[in-house]
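Dumping the structure here so I can ask a few things about it.
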Amino acid sequence: MGIDWEKVKEEAIQILSDYIKIDTTNPPGKELPGAFYLQSFLQKEGLPAMVLESQPERGNLFCAMKGTDNLSPLILLHHIDVVPAEAEKWKNPPYSGALIDGEVWGRGTQDCKSLGVIELVAFLLLAREGFKPKRDIVYLATADEETGGKWGVGWLFQNHPQLMKADYVINEGGGIGMAVGQRNVYTCQTAEKGICWLKLTFRGKPGHGSVPHDDNCVVKMAKAIDKISSYRSSLRRTLTTEKFIKGIAEEQSFPRSFMLKQLLNPLFSRSVEKRIPDAGLKGMLGAILRNTFVPTVVQAGQKTNVIPSECSFQVDCRILPGVEPEMIKAEVRELLGDFRDYDMEILQTSPASESPANNALYQMLEKTLKRLDPKSKMIPTMLTGATDSRFFREKGTVAYGFQPMIPTQNLSEYLGRVHGHDERLSAESLLFGTRLLYEMLKDFCG
Ligand SMILES: [Zn+2]
């Protein structure tokens, strides 16, 4: 008997709509009601879903569908928490979960409660038909991703490491469809940049603001900020970015196809990048081709008439796979060669992460996608930010960001709604993702 996909769509809409109504804004988080809500659907099917509390009101949910063979699990991951919403700037309230013109509205409909629903419904469909997977399929919903994962995936690795062992993870951060030329190109997030946050402290001669002198630390710091913000690190090719650029270029006609490939050429990369008309695309491409340095926090004097003896600024530096913090420090020191009287410290760092785009799971995602959308092409992408996938990749688990959605005509508008206003997702995308995941899991784990 075939599946009634219209009915599945109705079910997915209803589950998402009610999930959006549970406010899990982080901070403070309060994901526990979200975890109980998801647990109720799993328990209805007789599945052993455990809620694990990392802190009062911070909940994580774990549920395994047992495999028949002794293979390492595949985890379906998403995070329960969402970022705050400026309700007064939305056309429809952010916690309404309303279905309007075929779209579900609300904070989390894109990032990433919808993924949680797609994974849940695919999981429920398999359970209802008595599917016996070869490997464990784990449904995992976690807390705290939006503020770093300390009480979510980070906590689970610390406190329940045996539950986190897996060969594969499917998570957020990819699956976005774009109409490019004659094709529908879908991203599969295989890599994420890391961070290396720096603080630079400048020293100088203190004094009275009424008497100018040449050793004012604020002035030295301002020059250093200018130097760092106008600096572009050199091109650094990675497996993911190479495949991504080539994959997009192949869908363009000449001379655009040729130009795009020059982004990977150290001689022409910068000049091609500068000529990309779309500012959002230019920024994104630039950020996956090199390490970036963005000055953010500045702390200087306290009083208008006092020249301070010390001041500092912080740099949000994002690093590519294979880059070590010490390499970044050396790069900044070289850049600030003429500058004296400053110290540099690393405030926080975590490495970039990358999973190979050539294994059995990648190929199965590609194959299933092709079956549901014959015009599709999947390409690996790198995220400039970070998701919980990094915790898994650190342990050698292959993690892909993949929530397939109906191709968008306006990518920057779609991306702008993530963490922005009027976040929403079409019911068709919800169904497309559910169906693809269900079919893929059946083939890959059956
Ligand atoms: Zn997210």
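Given the rule -39500 (n - 2.57) for each run of at least 4 DSSP H residues, summed and divided by the residues of the chain, what is its mean residue ellipticity at 222 nm, to the nearest 500 deg cm²/dmol?
That comes out to -10500 deg cm²/dmol.
While we're looking at this one, here's another question. What list of ³J(HN,Hα) couplings, whole Hz, do you get for segment 88-96 from phi and the Karplus terms 6.51, -1.76, 1.60, once you set θ to phi - 60° and write x for glycine and proline?
5, 9, 8, 6, 10, x, x, 10, 7
Related question: Would you list, by chain and number, the lysines whose Cα falls below 26 Å from the Cα of K274, excluding same-chain residues fewer than 8 positions away?
Cα-Cα hits under 26 Å: K193, K223, K227, K243, K246, K261, K282.
Given H placed on each backbone N at 1.01 Å, which residues far from E103 in sequence or on other chains put an amide H within less than 5 Å of it?
A427
Continuing with this model, one more query. So for segment 194-350, what are the equivalent ellipsoid semi-axes in whole Å, largest first, each being the square root of 5 times an eigenvalue of the Cα gyration tensor?
Ellipsoid half-lengths, sorted descending, are 39, 16, 12 Å.
Still on this structure, I have one more. Could you give me the ³J(HN,Hα) list for segment 39-56, computed from phi with Karplus coefficients 6.51, -1.76, 1.60 and θ = phi - 60°, whole Hz, x at Gly and Pro?
Couplings: 4, 4, 5, 6, 5, 4, 8, x, 8, x, 9, 9, 9, 10, 8, 8, 7, x Hz.
Note down the magnitude of the dipole of the chain about its Cα centre, charges +1 on Lys and Arg C-beta and -1 on Asp and Glu C-beta and zero elsewhere, to the nearest 20 debye. Don't skip to the end; give the middle numbers.
Values: 54 positive and 55 negative charges, 244 e Å.
The dipole magnitude comes to about 1180 debye.
Evaluate E = 1/(1 + (r/R0)^6) for M327 and S271, where r is the Cβ-Cβ distance and R0 equals 25 Å; express this FRET efficiency to the nearest 0.05.
0.50
Rounded to the nearest 0.05, what FRET efficiency do D443 and E10 have when you use their Cβ-Cβ distance and R0 = 35 Å? Write out the running numbers ahead of the final one.
On the way: r = 25 Å, r/R0 = 0.72.
About 0.85, to the nearest 0.05.
Something else: Along Cα→Cβ, 7 Å out, is where each label goes; now give me the distance between the ones at K370 and F258 in nm to one decimal.
Calculated label separation equals 3.0 nm.
Lys/Arg Cβ at +1, Asp/Glu Cβ at -1, dipole of the chain taken about the Cα centre: which of T304, T381, G102 is farthest positive-ward?
The Cα lying farthest towards the positive end belongs to T381.
Enter the Cα centre distance for the pair segment 259-328 and segment 410-446, rounded to the nearest angstrom.
Each part's Cα centre sits 31 Å from the other's.
Check cross-link reach from K132 to the lysines: straight Cα distance under 21 Å, and skip same-chain residues fewer than eight apart.
K132 reaches K44, K66, K165, K442.
Once amide H atoms are built 1.01 Å from N in the peptide plane, which residues 5 or more positions from M378, or in another chain, come under 5 Å H to H?
Y186
What is the Rg over Rh value, at two decimals, for the chain, using alpha-carbon atoms and the Kirkwood definition of Rh?
On the Cα set of the chain, Rg over Rh gives 1.01.
Separate question: Of M344, I225, I248, which is farthest on the positive side of the dipole of segment 194-350, counting Cα position, with +1 on Lys and Arg Cβ, -1 on Asp and Glu Cβ, and the Cα centre as origin?
Farthest towards the positive end: I248.
Sticking with this one: Under 5 Å between amide H atoms, partner at least 5 residues away or on a different chain: which partners does T24 have, H built in plane at 1.01 Å?
Hits under the 5 Å cutoff: V82.
Apply the Karplus parameterisation 6.51 cos²θ - 1.76 cosθ + 1.60, with θ equal to phi minus 60°, to every residue of segment 264-279 and state each ³J(HN,Hα) to the nearest whole Hz, in sequence, with x for glycine and proline.
These are the phi-based 3J(HN,Hα) values: 8, 9, x, 6, 10, 3, 5, 5, 5, 4, 4, 8, 6, x, 6, 4 Hz.
Hey, if you put +1 on the Cβ of every Lys and Arg and -1 on every Asp and Glu Cβ in the chain, which of A287, G154, F313 ends up farthest toward the positive end of that dipole?
Farthest towards the positive end: A287.
Taking square-rooted eigenvalues a ≥ b ≥ c of the alpha carbon gyration tensor, is segment 7-58 rounded, prolate or oblate, where a/c under 1.5 means rounded and, failing that, a/b exceeding b/c means prolate?
It is oblate, given that a/c is not under 1.5 and a/b is not larger than b/c.
Taking N as the number of residues in segment 229-308, what is its Cα Rg relative to 2.2 N^0.38 Å? Intermediate values should be presented prior to the final figure.
On the way: Rg = 17.9 Å, N = 80, 2.2 N^0.38 = 11.6 Å.
Rg over 2.2 N^0.38 Å, computed on Cα atoms: 1.54.
Coordinate-derived values only; no laboratory data. Every value quoted in this text rests on a predicted model; they were computed, and no experiment measured them. In this analysis, Cβ positions are derived from the backbone assuming ideal geometry, glycine residues included, and neighbour counts consider all displayed protein chains.
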